[in-house]
Amino acid sequence: MDIQTLKQEIIAYSKEIGIDKIGFTTADPFTELKNRLIRQQELGYQSGFEEPDIEKRTTPALIMNGAQSIISIALAYPSKMTYRVESKKGERRGIYARASWGQDYHHIIKDRLQKLEEFILMKVPEAQLKSMVDTGELSDRAVAERAGIGWSGKNCAIITPEFGSYVYLGEMITSIPFEPDSLVEDQCGSCTKCLEACPTGALIQGGQINAQRCVSFLTQTKGFIPDEFREKIGNRIYGCDSCQTACPHNKGKNFHFHAEMEPDPGAVKPLLKPILKLSNREFKNRFGYLAGSWRGKKPIQRNAMIALAHFKDETAVDDLIEVLENEASPVARGTAAWALGKIGGDSAEAALVKALDHEADIEVRNEIEKGLNFIK
């Protein structure tokens, strides 16, 4: 088998199946990444969504016996909608981050990796292969950086010269010793626009993030959003793009290569009030195909209430009162109380006073009292 010829055939085939960029690297341990992850863990900067075993995250041989190389792939996604729906008084809208536009990218990347696997096995039937995306053990970004897909920006995203950071990533460990590709030179220079744009100061310094402060992480949690971050979230109901939109390397980058990535504007910029009344089935039917639905409806509903407070949407008071009075979830009741206080008005105040008389949950009572203090 001529490995260099095989590599060129894989590159050519990747273009046929809709992979926008492909790179190859060794399966050597990610030593520098390991040191960074240990430091992140010591500082408490991890999100908790990651693979907890740092050895597995940084040692491909622990994931697949006979690992020789890793193939990294990138698919570019749109940064602008073909047509937009507008948020207006009485019909306020939230926003999903760009990485959750179109169909869930996990399925899209897995489809491309599966096709790539089938092609390689047709050429090398005895090859061992293991593919993963996002939820796998390896760091997609670390693999992509070492495979020459792009450089690791100060915003902790992979920035490609061709597509900016608007790319989905995936990788495949192989038992074939492909020749590694060259690194892409870091082009961030002295620019700090992403750090300055981060609404919560989650970007501690270039290349280091405190996930516990990241709006994208916060929108995916299931508990109460800490007070200091609620107003920073604005109308984001899933994810955050601030550090991407601020990046000069993303200016003018907007690619519509893949039909399954095209956003439905009404879904990725949805009306907020109807979200509060969705059943689990209705949520799944409306938003289930989006990557941003993976945590279920409750975090989205909580974020929608924070967004309604952001807009001070008086037309949402009755809906929020209904949540306060009838919702089983303490987080939902408490967030509704906080939002009612932010919006204010006689009806909101009366509902909060009434709720305080019978609410037993301590955290919810605290939120009700916060709401009343806003009004007073």
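The values are calculated or read from the model by the stated rules, or taken from the named source; none is laboratory data. Note that the structure is predicted; figures quoted are calculated from it, not measured. So basically every Cβ, Gly included, is an ideal-geometry build from the backbone, and we count neighbours across all protein chains shown.
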_Ile3 vs. criteria touching a strand residue (DSSP E or B) at 6+ places or on another chain (Cβ under 8 Å) and farther than 30 Å from Ile275 by Cα_ = no
*Can you tell which of Ser72, Ser47, Ser79 is buried (at least 20 other Cβ atoms within 10 Å of the Cβ), assigned to a loop (DSSP other than H, G, I, E, B) and not assigned by TED's automatic domain parsing to the domain that holds Val268?*
Ser79
*Quick one: what pairs do we get from the stretch 146-170, first residue in the same structural domain as Val133 (by TED's automatic domain parsing) and free of Cβ contacts under 8 Å to residues at least 40 places away in the same chain, second part of a loop (DSSP other than H, G, I, E, B) and of a type in the set (D, E, K, R), C-beta under 6 Å, 6+ apart or different chains?*
Trp151/Asp186
_Single residue of the stretch 353-371 satisfying the filter (closer than 21 Å to Gly223 by Cα and among the hydrophobic types (A, V, I, L, M, F, W, C)) that is surrounded by the most Cβ atoms within 10 Å (Cβ to Cβ)_ = Ile368
*Return the only residue of Gly239, Gly234 being surrounded by 13 or more Cβ atoms within 10 Å (Cβ to Cβ), among the small types (Gly, Ala, Ser) and touching a strand residue (DSSP E or B) at 6+ places or on another chain (Cβ under 7 Å).*
Gly239
*Scan the stretch 87-133 for residues that are part of a loop (DSSP other than H, G, I, E, B), farther than 16 Å from Ile19 by Cα and in contact with a strand residue (DSSP E or B) (Cβ under 8 Å, 6 or more places away or on another chain) and jot them down.*
Ser87, Arg92, Gly94, Ala97, Ala127, Gln128
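Among the listed residues Glu137, Glu118, identify the single one that is at pLDDT 95 or above and assigned by TED's automatic domain parsing to the domain that holds Ala99.
Glu118
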*Yes/no for Ile173 being modelled with pLDDT of 95 or more, in contact with a Pro (Cβ under 6 Å, 6 or more places away or on another chain) and assigned to a strand (DSSP E or B)*: yes
_Looking only at the stretch 94-136, count every residue that is farther than 28 Å from Phe287 by Cβ and within 20 Å of the chain's Cα centre (by Cα) and tell me the total._
0
*the stretch 160-198: number of residues that are out of contact with any strand residue (DSSP E or B) (no Cβ under 9 Å at 6 or more places or on another chain) and under 13 Å from Gln244 (Cβ atoms)*: 1
_Given the condition more than 30 Å from Tyr105 (Cα to Cα), touching a Leu at 6+ places or on another chain (Cβ under 7 Å) and in a helix (DSSP H, G or I), answer yes or no: does some residue in the stretch 294-313 qualify?_
no
*Could you tell me whether Lys15 is basic (Lys, Arg), within 30 Å of Leu271 (Cα to Cα), surrounded by fewer than 16 Cβ atoms within 10 Å (Cβ to Cβ) and without any contact (Cβ under 8 Å) to a residue 40 or more places away in the chain?*
no
*Any residue at all in the stretch 125-134 that is more than 15 Å from Met172 (Cβ to Cβ) and not aromatic (Phe, Trp, Tyr)?*
yes
*So which pairs qualify, if the first residue must be in the stretch 201-221 and among the aromatic types (Phe, Trp, Tyr), the second must be not in a loop (DSSP other than H, G, I, E, B), the Cβ gap must be under 8 Å, and the two must be at least 6 apart or on different chains?*
Phe217/Ala211
*Unmet requirement for Arg286, which otherwise passes all of (1) without any contact (Cβ under 8 Å) to a residue 24 or more places away in the chain; (2) within 27 Å of the chain's Cα centre (by Cα); (3) farther than 23 Å from Leu218 by Cβ*: (3)
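In the stretch 355-373, what residues are touching a residue at least 24 places away in the same chain (Cβ under 8 Å) and of a type outside the set (Val, Ile, Thr)?
Ala355, Glu359, Asp361, Glu363, Asn366, Glu367, Lys370, Gly371, Leu372, Asn373
Restricting attention to the stretch 139-153, which residues are part of a loop (DSSP other than H, G, I, E, B), crowded, with 24+ Cβ neighbours inside 10 Å and within 21 Å of the chain's Cα centre (by Cα)?
Ile149, Gly150, Gly153
So in the stretch 259-288, with the set limited to residues that are assigned to a loop (DSSP other than H, G, I, E, B) and in contact with a Pro (Cβ under 9 Å, 6 or more places away or on another chain), which one is nearest to Ala304 (Cα to Cα)?
Step one: filter the stretch 259-288 for residues assigned to a loop (DSSP other than H, G, I, E, B), giving 262-264, 269-270, 276-279, 288.
Adding the requirement that they be in contact with a Pro (Cβ under 9 Å, 6 or more places away or on another chain) leaves 262-263, 269.
Values: Glu262: 23, Pro263: 19, Lys269: 11 Å.
Step by step, filter the stretch 259-288, then rank; the result is Lys269.
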